[in-house]
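Some notes on the structure that comes next.
Bear in mind that the values in this text are calculations on the coordinates, not laboratory data. Model, not experiment: these values are computed from the prediction. Every residue, glycine as well, gets a Cβ built from its backbone with ideal geometry; the counts of neighbours run over all protein chains shown.
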Amino acid sequence: MQEEEKFSNDPVENMKLENEFLKIKLKAQYGDSFHMESNAGLPPEIENQFLKNMMAFEDAHANAEIITVYECIGKPDYRPAEELDDNEIKMALARMNAILDEHNMALDICDGPYDDRTIYTFITEELFVAETEIDGIEGMGRHFIYEEFHPNHKAEITKCTHQFLKRWFSRNFDESTTELSNHIITFDGRQMVKEEAITRMQLFFDAFLEFKDDAYNIDDISFEINPETHIGMGFAEGVLKYDALLEKGESVHYQGSYKLYLQMEDNYWDIFCFAMPGFKW
């Protein structure tokens, strides 16, 4: 930094002030997409380098030339999926994954497995026409996620259900719990923010030392997506059981049906209403 650009004669204070200036600049340029707490706990010199790297990354990204994935990997020859039998599809998919890897790219699959024909068809018909930057960041690969193109809503609801029930049996909910919506509705129509709901749940949990001998199954999952708003509503239900241990060594056995109601925005599902055996609001 040139002498006239210094904010303070104290080197440490100067770097701290420069860091705040860089944050303001990043916020002004990139709006709400940039967020970094000022008390991140990083040493000023490390935070300074991080902010400068971020500025360079954002500048490079903003000025990057865009081409298709197919162009980026050199326009390799390939045969359409409908011309290949199952054995040929398997070999063609292996070749296509190898070509992507050669160009530091990869297709990630989160909620599979999907058959080889489905993935090969996706690569050649959809991923090939997807846009990417002509020059990637040196040393970094480019990853594409299949479910970002074809969300697997049933798998996401199933995952959310497993995570919620695991938290329930371990009595482990807090403000960072992503399975719960920020706004909760009870079956009798009361509304509350997530923090209040967790406080009420914790009162129930605190009446016991622990939950043990738990088990559950998922009997049904259903959902609907509004094709215009892309907002979804769904539910998961099943049967569960657990023993709630009291201080004197006694326990209360809870068993019965549970039901979780979920909502989806921006391809993310969370729970806004639920009924659990033993629990009352």
For this session: Label the stretch 75-162 by shape, choosing from rounded, prolate and oblate, from the square roots a ≥ b ≥ c of the eigenvalues of the Cα gyration tensor; if a/c is under 1.5 it is rounded, and otherwise prolate applies when a/b is larger than b/c, oblate when it is not.
Result: oblate
Exercise. Using modelled backbone amide H atoms (1.01 Å from N, in-plane), which distant-in-sequence or interchain residues come within less than 5 Å of Ile145's amide H?
Worked result: Asp108
Exercise. If the chain between Asp219 and Ala28 were fully stretched, how many nm would it gain, using 0.36 nm times the residue separation less the Cα-Cα distance?
Worked result: 63.8 nm
Seminar exercise, completed: Only helices counted: for the chain, with every DSSP H run of 4 or more residues adding -39500 (n - 2.57) and the sum spread over all residues, [θ] at 222 nm is -11500 deg cm²/dmol
Exercise. Which values of log₁₀ I(q)/I(0), to two decimal places, follow from the Debye formula for the chain at q = 0.07, 0.10, 0.13 Å⁻¹ with a uniform point scatterer at every Cα?
Worked result: -0.46, -0.85, -1.07
Exercise. Which of the GluC sites (Glu not before Pro) across the stretch 81-137 are loop residues per DSSP, with 16 or fewer other Cβ within 10 Å?
Worked result: Glu126
Exercise. Which of Trp281, Trp269, Trp168 comes first, and how do the rest follow, when ranked by fewest Cβ neighbours within 10 Å?
Worked result: Trp281, Trp168, Trp269
Exercise. Where is the GNM fluctuation largest for the chain (alpha-carbon springs, 10 angstrom cutoff): Val69, Val12, Val239?
Worked result: Val12
Exercise. Rg and Dmax of the stretch 199-250, using alpha carbons, in Å: what are they?
Worked result: 17.4, 56
For this session: Please list the helices of the chain that count as membrane-span-like by this rule: a mean Kyte-Doolittle hydropathy of at least -1.0 together with Cα atoms stretching 18 Å or more along the helix axis, each helix being a complete DSSP H run.
Result: 11-30, 44-62, 86-102, 153-170
For this session: With +1 on each Lys and Arg Cβ and -1 on each Asp and Glu Cβ, and nothing else charged, work out how big the dipole of the stretch 66-149 is about its Cα centre, in Debye to the nearest 20.
Result: 200
Problem set entry | FRET efficiency, 1/(1 + (r/R0)^6) with R0 45 Å, evaluated for Val239 and Asp77 via beta carbons | 0.25
Seminar exercise, completed: On the formula 1/(1 + (r/R0)^6), with r taken between the Cβ atoms of Asp101 and Gln49 and R0 of 30 Å, the FRET efficiency rounded to 0.05 is 0.45
Problem set entry | Asp206 paired with His253, simple spin-label distance in nm, labels 7 Å along Cα-to-beta-carbon | 2.9
Exercise. List the lysines whose alpha-carbon lies under 26 Å from that of Lys25, not counting same-chain residues fewer than 8 positions away?
Worked result: Lys6, Lys16, Lys52
For this session: Between beta-carbons, use under 13 Å as the cut-off and find the net charge around Glu179, counting Lys and Arg +1, Asp and Glu -1.
Result: 0
For this session: Report, by chain and number, residues whose modeled amide H sits under 5 Å from the one on Tyr258, excluding near sequence neighbours (fewer than 5 apart, same chain).
Result: Gly238, Val239, Leu240
Problem set entry | Which listed pairs, of Lys194/Lys280; Lys166/Lys280; Lys166/Lys259; Lys212/Lys280; Lys194/Lys248, have C-alpha distances above 22 Å, in listed order | Lys194/Lys248
For this session: Using label points projected 7 Å from each Cα along Cα→Cβ, tell me how many nm separate Thr118 and Leu42, to one decimal.
Result: 4.0
Exercise. Any idea what the relative contact order of the chain is, in percent, if you count C-alpha pairs under 8 Å spaced at least 6 apart?
Worked result: 12
For this session: Compare the peptides 116-122, 206-212 by average per-residue count of other Cβ atoms within 10 angstrom and give them in order, highest first.
Result: 116-122, 206-212
For this session: Could you order peptides 187-195, 255-263, 175-183 by the average number of other Cβ atoms within 10 Å of their residues, highest first?
Result: 255-263, 175-183, 187-195
